[in-house]
Amino acid sequence: MNVLFAIGTGLMFGIGVYQVLRRDQIKQAMGFYTLFTAVNLFLLAVGAFDGQVPAYTDQVEAGGSPADPLVQALILTAVVISFGSFSVLLGLVNVSSRRYETIDSDEMDGLKG
């Protein structure tokens with residue numbers, strides 16, 4: 001299961017980076033959010049792994065030590081920050097698409113120096 005989780009997280013990270021590098025601003029915004037989700041999954045995976053029981057299960061009943069609450073607080077903070085950043089990014093995409101009448105970043109003439 002850990003190998004599948006690692007492959008899935010890596011795949012999401014790769015898809016997010018690929019989408020961020022595209023020219024379409026909507027796809028860039030979706031890639032930004034996918035990238036943030038992959039980072040949150042990565043924090044969850046490496047947060048409190050003791051080698052026996054994953055961090056997201058109840059480790060006290062399994063005979064291990066309880067999970068570190070710092071990792072959970074970091075992930076919750078990262079989710080809130082990524083949601084706020086994503087909403088600001090969508091607002092910027094909306095404004096730029098109305099101003100330049102395109103969502104392709106290469107066709108925006110006002111951005112060139």
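The values are calculated or read from the model by the stated rules, or taken from the named source; none is laboratory data. All values reported here derive from a predicted model rather than from experimental measurement. Cβ: placed from backbone, ideal geometry, glycine included. Neighbour counts: every protein chain shown.
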Is there any pair linking a residue in region 74-94 that is under 16 Å from residue 37 (Cβ atoms) to one that is charged (D, E, K, R) and surrounded by 11 or more Cβ atoms within 10 Å (Cβ to Cβ), with Cβ under 9 Å and at least six apart or on different chains, and which? none
Residue 62 - would you say it is outside any helix (DSSP H, G or I), surrounded by 18 or more Cβ atoms within 10 Å (Cβ to Cβ) and at pLDDT below 85? no
Every residue in region 29-48 that is touching a residue at least 40 places away in the same chain (Cβ under 8 Å) and farther than 16 Å from residue 8 by Cα, please. 29, 32
